[in-house]
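**Student:** Take this structure first; my questions come after.
Only the coordinates and a few stated rules stand behind these numbers; no lab work does. The structure presented is a predicted model; accordingly, all values stated were derived computationally and were not measured. A quick note on method: Cβ atoms are made from the backbone with ideal geometry, for glycine too, and the neighbour counts reach across all protein chains shown.
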Amino acid sequence: MIPIVAYLIVAAVLFCIGTAGVLICRNIIVMFMSIELMLNAANLVLIAFSRALNITDGQVFVFLVLTVAAAEAAVGLAMVITLYRNRETVNIDRFNIMKW
Amino acid sequence: MMSDYSRYLFLVPLLPLIGFLLNGLLLGRLHRAVISFIGCASVGLSFVLSALLFFELKAMPPDTRLIEQTLFSWIPAGSFHANIGFLLDPLSAVMIFAVSGVAFLIHVYSVGYMHGDPGYGRYFTYLNLFTFAMLTLVLADNFLFMFVGWEGVGLCSYLLIGFWFEKKSASDAGKKAFIVNRIGDFGFLIGMFIIFWQVRSLDFRTVTEMAPTAFAAGGALITTVGILLFVGAIGKSAQIPLYVWLPDAMEGPTPVSALIHAATMVTAGVYMIARTNVLYMMAPDALLVVAIVGAVTAIYAATIGLAQNDIKRVLAYSTISQLGYMFLACGVAAFSAGIFHLVTHAFFKALLFLGAGSVIHAMSDEHDMRRMGGLKKYLPVTYWTFLIATLAISGIPVFSGFFSKDEILWKAFSSPFGHPVFWLIGFVTAGLTAFYMFRVVYLTFHGKERMDKQVRAHLHEAPKSMTIPLVALGALALAGGWVGMPHVLGFTNYFERWLEPVVSHGAYGTGLHAPVATGGHVGTEIGLMVASVALVLVAIFLARMFYNKRPELSTSFREKLSGLHRLLLNKYYVDEIYGTAVVRPVVYFSLFLWKVVDVVCIDGFINGASRFYSDISQSLRHVQTGQVRSYATVFVIGVVVLVAYVVLR
């Protein structure tokens, strides 16, 4: 039996990688992928506790998160395409017209 | 009891209002003939209805002469009620009869006088609105509704004085009239509040019935009420010290001066005092104030009238002086004499103004009598009617003014509230009046023709629409006084008897009674009458000597008394005194409020506050970089801090 702490460490590492990706990368698509990584870190924590405490609620939440993530990816990617059509780039730093 | 026409009482003021709405809403879209028709017909119908109502009232037994009509409850608030209601009693019947009659004649006259004026439609709109407001004032059955009419006539006065508003002097005169009237209205309002406070009602009939129990007779409170109401009358009726607006009001078109500033609006104060005579009978001190102000105004304005050269200004001061007579009558509790003089004055003074208007019209807008003279042969109708009015105002027997003025003089002498001094002032004023009025007649219609050739070539008698009202008013100025002939000469004073139910039930339990003419002093009364007629004849003779037969006399006289003449010509410098004592301080204080309080303090505070926030925002806006990654960084830091707080707490 793998102790729960191991799962949590993996999840924390995944989450930190995702966060770093969002903060560092300029490519919108990579940022998206990083966000997915953070979501999956959260999913992993939910599953781990669900298993350890023997309560299925966590798994139900994971399905919900997966569904929302799929929908979010669809909308987000559609926006990315529109942005790309306008600016011919996916560099997030170029999209700063909302400043002051 | 309620008979045929009384149901239509509300139409008396409503008809001119309809005329006002028609002309006002369709302003500029109607043909002149239509405008004139609407304007004259609405007032004419109102006059016919007033006459029918008058005779209906006359057919009733004297003690029940009262028609009331309440249209609806206007302000029902708790225990306070104000109705839109009309009250027709002998007093208001006389008033609507005179007001609508004179107003109708002046509307007709205006058709001729104002033809060719670009503001023709606007003029008739205002004139109809005025007639509505004036009829409301005299018909209202409570103080508050009366105040609506009171303010309405003030508004129309302002609009019509400043009718030629592109002329600065005219618009200034309008403002002056409005502001001076506001001072008086303030007193009127406070008086009204005190009445409501004590009586819990503003209804005339309730106040009349309740006043003796609500107020202590002769007490300080009722005296205050009387004086405050009189302050309102002082403003509206141009008495000392608030008379200064009336001479300036002559800037308006002449028919307006005739209607508003001679015949109707300025007499509203007299009407109001007669209407509230019950309150005044309970406050002898207030009555004394009324009498003193009236008497002093009468003689004071008459002396100014002696030296003015503008024909309309002479008439304006004459109006102030005659209004003083009316207040003198009210002040000695001879209310019916005051109202009687009000009516005869409405006839002959309107006629004088319309005559002056005809002269000015013929003289191509010349007002200065020094450049007139000899107009008799050019304007025969104007001359004869003007002469009738002059004889009436001078108090020559048979003419209307004689009866009313003589009644006032006799009452001032004999009434329990009167005093021989009041009589003496009135007596001297009568002489002065005759003198300055005949001065006008001689300077204008007799003697050498002093106008330019150009003006002379243009001289013409007024059109029919102007001369017919002149003749009609001439007949009234001649015969209008015959309803109130003195007892002492063996006649019956129908006018006094007619008003008796209104003005002499005023004394419930106070022991005071409005004096009714007594037969005791026949010799004295006739003696005084003869004396005043003799004085008037002497004054007329002097005016003839000075201004017709030997003009050099008046010149040398003027030089001998040049100081006095200058004083009178400049109207005792009252405008200048008011300018220094009242207007200038107010202007400076307003400047202080504007430049210091408003600009520095209030604007400074408001602008400072907005600049403070604007500066902060200017520096804070740079946080909003538009960079998604910096937002994300801040977001992550925030989450970390929050989580750390929750976990490590």
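**Student:** Relative to 2.2 N^0.38 Å, what does the C-alpha radius of gyration of the stretch B:212-252 come to as a ratio? Two decimals please.
**Tutor:** 1.64
**Student:** Among B:6, B:607, B:321, pick out the residue whose Cα is farthest towards the positive end of the charge dipole of the protein assembly as shown, where Lys and Arg carry +1 and Asp and Glu carry -1 on C-beta, about the Cα centre.
**Tutor:** B:607
**Student:** Quick one: what does P(r) look like for the stretch B:75-150 with 5 Å bins over all Cα pairs, in whole %?
**Tutor:** 3, 15, 20, 19, 14, 12, 9, 5, 3, 1, 0
**Student:** Between residue A:89 and residue B:639, how high is the FRET efficiency from 1/(1 + (r/R0)^6) when r is the Cβ-Cβ distance and R₀ = 41 Å? Nearest 0.05.
**Tutor:** Between residue A:89 and residue B:639 the formula returns 0.90.
**Student:** Tell me, how many Å apart are the Cα centres for the stretch A:1-73 and for the stretch B:18-72?
**Tutor:** 90
**Student:** Would you mind counting up the charge near residue B:544? Only other residues with Cβ under 11 Å from its Cβ, with Lys and Arg at +1 and Asp and Glu at -1.
**Tutor:** Local charge sum for residue B:544: +3.
**Student:** Still on this structure, please answer the following. Taking beta carbons within 10 Å but only from partner chains, what does the mean come to for residues A:92-99?
**Tutor:** For this peptide, the per-residue mean of nearby foreign Cβ atoms is 4.
**Student:** Continuing with this model, one more query. Helix B:464-479: angle to the longest alpha-carbon principal axis of chain B, degrees 0 to 90, nearest 10?
**Tutor:** For B:464-479 against chain B, the angle is about 60 degrees.
**Student:** Could you work out [θ]222 nm for chain B from helices alone, using -39500 (n - 2.57) per DSSP H run of at least four and dividing by all its residues? Round to the nearest 500 deg cm²/dmol.
**Tutor:** -22500 deg cm²/dmol
**Student:** So, with +1 on the Cβ of K and R and -1 on the Cβ of D and E, and no other charges, what is the size of the charge dipole of the stretch B:28-96 about its Cα centre, to the nearest 20 debye?
**Tutor:** Result for the stretch B:28-96 is approximately 400 debye, rounded to the nearest 20.
**Student:** Taking the C-alpha atoms of the protein assembly as shown, how large are the radius of gyration and the largest Cα-Cα span, Dmax, in Å?
**Tutor:** 41.1, 143
**Student:** Would you mind giving the mean number of other chain beta-carbons within 10 Å of the Cβ of each residue in B:621-630, as a whole number?
**Tutor:** 5
**Student:** Right, something else. Return the distance in nm (one decimal) between the two label points of a simple spin-label model at residue B:565 and residue B:209, each offset 7 Å from Cα along Cα→Cβ.
**Tutor:** Taking the simple label geometry, residue B:565 and residue B:209 are separated by 6.3 nm.
**Student:** Calculated FRET efficiency, residue A:66 and residue A:6, Cβ-Cβ r, R0 30 Å, to nearest 0.05?
**Tutor:** Computed FRET efficiency for residue A:66 and residue A:6: 0.85.
**Student:** To two decimal places, what compactness ratio does chain B give when its Cα radius of gyration is scaled by 2.2 N^0.38 Å?
**Tutor:** 1.16
**Student:** Per 10 Å bin, what percent of the C-alpha pairs of the stretch B:154-239 does each bin hold, from zero upward?
**Tutor:** Each 10 Å bin holds this share of Cα pairs: 18, 36, 24, 15, 7, 1.
**Student:** Could the peptides B:401-409, B:525-533 be put in order, highest first, of the mean number of other beta-carbon atoms found within 10 Å of their residues?
**Tutor:** B:401-409, B:525-533
**Student:** If you don't mind, there's one more thing I want to ask. Please work out the Cα center distance from the stretch B:530-550 to the stretch B:441-464, rounded to the nearest Å.
**Tutor:** Computed from Cα coordinates, the inter-centre distance equals 24 Å.
**Student:** Let me ask something else about it. Straight-line reach only, C-alpha to C-alpha below 12 angstrom: list the aspartates and glutamates that residue B:376 could link to, leaving out same-chain residues fewer than 8 apart.
**Tutor:** Within the straight-line cut-off, residue B:376 pairs with B:449, B:461.
**Student:** Taking the mean number of other Cβ atoms within 10 Å as a proxy for protection, how do you rank B:483-494, B:250-261 from highest to lowest?
**Tutor:** Output ranking for B:483-494, B:250-261: B:250-261, B:483-494.
**Student:** If you count, for every residue in A:25-37, the Cβ atoms of partner chains within 10 Å of its Cβ, what is the mean?
**Tutor:** The per-residue average across the peptide is 1.
**Student:** Could you work out how far the C-alpha centroid of the stretch B:375-407 sits from that of the stretch B:469-501, in angstrom?
**Tutor:** What the calculation gives is 15 Å, centre to centre.
**Student:** Given the Cα atoms of the stretch B:117-198, and with Rh set as the inverse mean 1/r over their pairs in the Kirkwood sense, what is Rg to Rh to two decimals?
**Tutor:** Result for the stretch B:117-198 is an Rg/Rh of 1.07.
**Student:** I would also like to ask the following. Is there a pair in B:411/B:549; B:349/B:448; B:167/B:571; B:405/B:560; B:176/B:377; B:312/B:448 whose C-alpha atoms are over 28 Å apart, and which pairs would that be?
**Tutor:** The answer is B:411/B:549; B:405/B:560; B:176/B:377.
**Student:** Remind me, relative contact order of chain B in percent, using alpha carbon pairs under 8 angstrom and six or more residues apart?
**Tutor:** Reported as a whole number, the value is 12 percent.
**Student:** Using R₀ = 22 Å, calculate the FRET efficiency as 1/(1 + (r/R₀)^6) where r is the Cβ-Cβ separation of residue B:221 and residue B:70; round to 0.05.
**Tutor:** 0.15
**Student:** Using mean Cβ contacts within 10 Å as the protection proxy, how do B:186-192, B:37-43 order, highest first?
**Tutor:** Output ranking for B:186-192, B:37-43: B:37-43, B:186-192.
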